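S.K.: Quick one: structure below, then a few questions.
The values are calculated or read from the model by the stated rules, or taken from the named source; none is laboratory data. This one's a predicted model, so the numbers in the text were calculated from it and none came from an experiment. All Cβ positions, glycine included, derive from the backbone under ideal geometry; neighbour counts span all protein chains shown.
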Amino acid sequence: MAERIDPNLHRELKTFGAGDLDICYSCGTCTAICPLSDENSSFPRHVIHMAQVGLKERLQKSIEPWMCYYCGDCSDSCPREANPAETMMAARRYLTASYDWTGISKKLYLSGAAEVAAVVLVGVIIGLLFLFLHGPVVTDRVELNTFAPVKWIELGDLIMAAILSFFLLSNALRMMYWFIGKDKDLHVPLSAYILEAKTMLVNFFTQKRWRGCSEDHTRWLKHLLLVSGYLTMLTLVLILLRWFQTDKIYPIYHPQRLLGYYATIVLLYFTVDFMIGRRKKKERIHEFSHASDWMFLVLLFLTALTGIMVNIFRISGLPLATYIIYVIHLMIAVPMLVVEVPFGKWAHLFYRPFALYLVAVKDRAKAMEKARSKKKAVAAA
Amino acid sequence: MTERRIGVFICHCGGNISDYVDVERVRQAVEKEPDVIVSRTVMFACSDASQQEMIDAIKDEKLNGLVVASCSPKLHLYTFRAAAERAGMNQYQYIQVNLREQDSWAHRDDMEKATQKGIRLVRAGIAKARASEALSTFRVETKPSVLVIGAGIAGLRASLALSDMGLSVFLIERESEVGGWTRKWGETFLRDKKGYEYVEKLEKDIKGRENITLFTNAELKEQAGAVGNFDIKVQVKGGDAISLNVGAIVVATGFDSYKPSEGEFGFGSPGVITLPDFKQIVDSSPEGKIEVNGRRVKDIAYIYCVGSRQGDEVENPNTYCSRYCCSATVHTAGLVQRKDERINQFHLFRDMRTYGKAELIYEQAAKHGSVFLRFQDAPEVRSEGEKIVVTVKDELSGGDPFEVAVDLVVLVTGMVPRENSSLVGNLKIPLGKDGFFNEIHPKLRPVETVMNGIFIVGVSQGPKNIAESVASALAGVAKSAALLMKGYVELEPFVAVVNNDKCTWCGACMEACPYSAIRKTVAGSKEVAEVVPALCKGGGACLPECPEDAIDLRGYTDEQIRSMITAMAKEVA
């Protein structure tokens, strides 16, 4: 069955920030120069061609956008100056929006105002919850766990994590269905999914594929450090909250404080570094910044900043300031997670390793099938 | 008969000949041939020094026959004729023997036999020279007027340029108005100037010229005579035939647009139209939208190469490329985009040949959202409700089939030869395999035909765009003027001659002549055949037909040919 062309796809992708893909004449220089594309995947050209022609279904099934880490070499060498790297970026946004069955993601991507409104709305709800439900305000000393009892916060944490995980995983399942489920010719045994689990874990924690981008691993290292800080903080506030949110002030060498400081410093340093990069536009990769790119960075920075301020006020023995900044902290952190995790840029943290995992699963299934048919042939002989 | 004194020069061609043919042995074998006074070998016969050596020999030895055994006459016939002429010898008593293409290059594997063949060839050349006569070109007075057939852009422009040179022009047009295809167009590539404005300007200019006579609704009825002096009859619709006398004819009859057969790419069903029809719709559409048959167009698919570059799938395929269509289509796409930028345009093409400066309009079309899909196998067209669905196997996606649903399919139709068989019959100029008129040489003599004084310009000769047609028209003007401005033409003397004593006028020769060069006349008391030298091409078709053996061909007389055969058949010692 021939696939039907969607004539509006290229316009749609442009609203997601695609480069000048109309001008591309499919010479393939981008693919030739790309250090990551190989004989099984001919991006960026393939992705650009799908976008240009209007092969919507194909593009949605494609995993290729996730295999690119945006080094920008393709855009530097494009003879048409069509900026293929930015189109790859737009394709990732488009896919994130396509996976999301609620349609929220698309709305947020296509309108910066909608994204701001969503963040403000969630922030206000958090603020109102604290306004009406906060515990007794002790003013002669800092008692954060009286103002905001850790078990209630932890409960909120878990509810939020459950909801966000539901959205994120259901979206990821759609990605899996399009990539593997729609491939009717292929049977993927359960063992393939289990055996490739390590691919998921390795790529999630190391982003090692990125190292293939260029000789210079600075960007990979910076990103790796940022992720380490982020994951540390996520662990502290989600899993170890009872241990982390204490009224007792531990000595400075205590792991609770050391881990917190490490995560904060990394988050502050690199979000500022990345923001400066996007602002200066010195490098090709920072030439274009979508509203969604800024939103994630700014929220992450503000979360870390308000988080450390809670700590400073707490140690300085300023009860009211601590309580207020704590509320503000959550009014930023929660919307960041709610908006960005399943619907926004945060999702790439999960989608990228998941995509590589799916590719590995598919390859393994194919290899298994081949081995099986070979065996059959041998047996028949 | 005067004593024959023949000089023979055998060329090494720097080894091209002498590496495979023993030229010295050839020389020795022919030096004793009757009437051979001089026989020499030379390294390069065509060099200035060797030519001077020949000239000196002709003068010193009072030669009246010259044989140069070297390369193909295509290369140096005129070189050595000129040398003979400079030495005061009759140039038509020079004979060239092709010892290179016909001997040394063809028989590199066997020097002995190649040398023997060389000896035979040179002997034949000597025999021909011995029987050669002193001939001279003959002059034909020319009329300072030109018939231009077809008043499209090429014919109009040619007429004006001929008029500029002071020649009288008779311009005939079959239709009721001038301008041909160009008159139908609005904006044309590359500069977006309007086609009908070009025509209006040329038409106005022409009407102001006293030495141009325009006949519309007129067709060529009869053509007789020859270069410099053609007798023409023109039939004007509903009027008497008009007789004209012209020195040259410029054929600018243009083309027909390929008409797809019923069902070819869905042709015949609503929403499937040809590029020329669509172009006229676009030209007359208001800003903001394009409508076809009262329906607004939102998506268009262009299918390229319809009726051009056909393969074996059709009978008598048009194998040529029509040249104008890729450029015209991307240009039209640009006009469409300017009228309504929301229209999606899909170009299904085989090869994109927007050559030369038209590459820029391809670039513009690509920039403004036109999508280009290359195919190998022809796309398929079917209707689906209100829409037309085109299936194309996209080459860049490994030939995977995709469907595009559109409101309009535009068949990019090529150019085909004009249907005008009576004109072809009248002018007697040959058609190529493709049905367009055939030129003598595609590069060096692109507007000349085998009929002296008849020139083919514009698309009548082969597909061209407007600019190319006009350039071709002006080439035809230059060739006509070169012929007519001198007042006479000089023609080669290789024509048939009738021996009036032998001729009994049976008419067989007249029947055989493809150029109508033979007519009946009266000589003394009897009817005989007469050859009109200006018309005769020296083809020789009449010779074998004559039961009385009364016709001979100058430069290739029976005597010459017989003596050549005899010389060739003689054993080589």
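S.K.: Is at least one residue of segment B:461-470 in a helix (DSSP H, G or I), outside the structural domain of B:ILE300 (by TED's automatic domain parsing) and more than 30 Å from B:PHE189 (Cα to Cα)?
M.R.: no
S.K.: Then there's this: Hey, among the residues in segment A:8-67 that are touching a Phe, Trp or Tyr at 6+ places or on another chain (Cβ under 7 Å) and small (Gly, Ala, Ser), which one's nearest to A:SER98 (Cα to Cα)?
M.R.: Once the filter is applied, the top-ranked residue is A:GLY17.
S.K.: Take segment B:505-521 and flag every residue that is of a type in the set (A, V, I, L, M) and touching a Leu at 6+ places or on another chain (Cβ under 6 Å).
M.R.: Of everything in segment B:505-521, just one residue is of a type in the set (A, V, I, L, M) and touching a Leu at 6+ places or on another chain (Cβ under 6 Å), namely B:ALA517.
S.K.: Let me ask another. Select from segment B:338-359 the residues that are over 31 Å from the mean Cα position of the chain (by Cα) and more than 8 Å from chain A (Cβ to nearest Cβ) and list them in ascending order.
M.R.: B:ARG338, B:LYS339, B:ASP340, B:GLU341, B:ARG342, B:ILE343, B:GLN345, B:HIS347, B:LEU348
S.K.: Separate question: Pull up segment B:402-419, narrow it to residues that are over 19 Å from B:GLU264 (Cα atoms) and either facing another protein chain (nearest Cβ under 8 Å) or modelled with pLDDT under 95 (or both), then point me to the one that is surrounded by the fewest Cβ atoms within 10 Å (Cβ to Cβ).
M.R.: It comes out as B:GLU419.
S.K.: Also, I was wondering about something else. Which one is farthest from the other protein chains (Cβ to nearest Cβ) among residues in segment B:388-399 that are farther than 11 Å from B:PHE375 by Cβ and assigned to a strand (DSSP E or B)?
M.R.: B:ILE388
S.K.: Then there is this: Tell me, please, whether a residue that is of a type in the set (Ser, Thr, Tyr), touching a residue at least 12 places away in the same chain (Cβ under 8 Å) and closer than 27 Å to B:LEU171 by Cα can be found in segment B:490-509.
M.R.: no
S.K.: Out of the residues in segment B:363-373 that are surrounded by 15 or more Cβ atoms within 10 Å (Cβ to Cβ) and within 9 Å of chain A (Cβ to nearest Cβ), which is farthest from B:VAL272 (Cα to Cα)?
M.R.: Here the residue is B:GLU363.
S.K.: Using the structure shown, decide if A:GLU115 is among the acidic types (Asp, Glu) and under 30 Å from A:LYS184 (Cβ atoms).
M.R.: No, not satisfied.
S.K.: Might you let me know whether segment A:27-50 holds any residue that is more than 14 Å from chain B (Cβ to nearest Cβ), among the charged types (D, E, K, R) and out of contact with any helix residue (DSSP H, G or I) (no Cβ under 6 Å at 6 or more places or on another chain)?
M.R.: yes
S.K.: Follow-up question, since we're still on this one. How many residues are within 14 Å of another protein chain (Cβ to nearest Cβ) and in contact with a Lys or Arg (Cβ under 7 Å, 6 or more places away or on another chain) when one looks only at segment A:51-72?
M.R.: Count: 1.
S.K.: Which of the residues spanning segment B:541-560 are in contact (Cβ under 8 Å) with a residue 60 or more places away in the chain and not acidic (Asp, Glu)?
M.R.: Once the filter is applied, which keeps residues that are in contact (Cβ under 8 Å) with a residue 60 or more places away in the chain and not acidic (Asp, Glu), segment B:541-560 yields B:ARG554, B:GLY555, B:TYR556, B:THR557, B:GLN560.
S.K.: Are there any helices (runs of 4 or more DSSP H) wholly within segment A:228-340 with 1 or more residues that are at pLDDT 95 or above and under 21 Å from the mean Cα position of the chain (by Cα), and if so which?
M.R.: A:255-280, A:291-315
S.K.: Still on this structure, please answer the following. Of the residues that sit in segment B:334-362 and are over 19 Å from B:LEU275 (Cβ atoms) and charged (D, E, K, R), which one is surrounded by the most Cβ atoms within 10 Å (Cβ to Cβ)?
M.R.: Top of the filtered list is B:GLU359.
S.K.: Being among the β-branched types (Val, Ile, Thr) and in contact with a Phe, Trp or Tyr (Cβ under 8 Å, 6 or more places away or on another chain) narrows it down to one of A:VAL120, A:VAL188, A:VAL137, so name that one.
M.R.: A:VAL137
S.K.: Anything in segment B:193-214 that is crowded, with 19+ Cβ neighbours inside 10 Å and farther than 26 Å from B:SER284 by Cβ? List them, or say none.
M.R.: Selection gives B:ILE206, B:ILE212, B:LEU214.
S.K.: Given (1) assigned to a helix (DSSP H, G or I); (2) at pLDDT 90 or above, where does A:ASP22 come up short, assuming only one miss?
M.R.: Here A:ASP22 meets the rest and fails (2).
S.K.: Let me ask something else about it. Is there any pair linking a residue in segment A:13-25 that is in contact (Cβ under 8 Å) with a residue 12 or more places away in the chain and more than 10 Å from chain B (Cβ to nearest Cβ) to one that is charged (D, E, K, R) and surrounded by 16 or more Cβ atoms within 10 Å (Cβ to Cβ), with Cβ under 6 Å and at least six apart or on different chains, and which?
M.R.: As it stands, the answer is A:PHE16/A:ARG93; A:GLY19/A:GLU86, since those pairs meet every condition given.
S.K.: Taking the options B:VAL489, B:VAL498, name whichever one is among the β-branched types (Val, Ile, Thr) and either more than 23 Å from the chain's Cα centre (by Cα) or modelled with pLDDT of 95 or more (or both).
M.R.: Just one listed residue meets the conditions, B:VAL498.
S.K.: Pick from segment B:158-182 the residues that are assigned to a loop (DSSP other than H, G, I, E, B) and among the small types (Gly, Ala, Ser): which of them is surrounded by the most Cβ atoms within 10 Å (Cβ to Cβ)?
M.R.: B:GLY180
S.K.: Scan segment B:129-144 and tell me whether some residue there is surrounded by fewer than 24 Cβ atoms within 10 Å (Cβ to Cβ), out of contact with any Leu (no Cβ under 6 Å at 6 or more places or on another chain), within 24 Å of B:ALA467 (Cα to Cα) and hydroxyl-bearing (Ser, Thr, Tyr).
M.R.: No: zero hits.
S.K.: Of all residues in segment B:273-331, which are among the hydroxyl-bearing types (Ser, Thr, Tyr), loosely packed, with under 15 Cβ neighbours inside 10 Å and over 21 Å from B:GLY186 (Cα atoms)?
M.R.: Of everything in segment B:273-331, just one residue is among the hydroxyl-bearing types (Ser, Thr, Tyr), loosely packed, with under 15 Cβ neighbours inside 10 Å and over 21 Å from B:GLY186 (Cα atoms), namely B:THR319.
S.K.: How many residues does segment A:156-196 hold that are assigned to a helix (DSSP H, G or I) and within 30 Å of A:LYS106 (Cα to Cα)?
M.R.: 27
S.K.: In segment B:57-102, what count of residues is obtained for those that are among the charged types (D, E, K, R) and free of Cβ contacts under 8 Å to residues at least 24 places away in the same chain?
M.R.: 4
S.K.: Further question on the same structure: Report the residue count in segment B:204-262 for those that are under 25 Å from the mean Cα position of the chain (by Cα), of a type in the set (A, V, I, L, M) and at pLDDT below 95.
M.R.: 3
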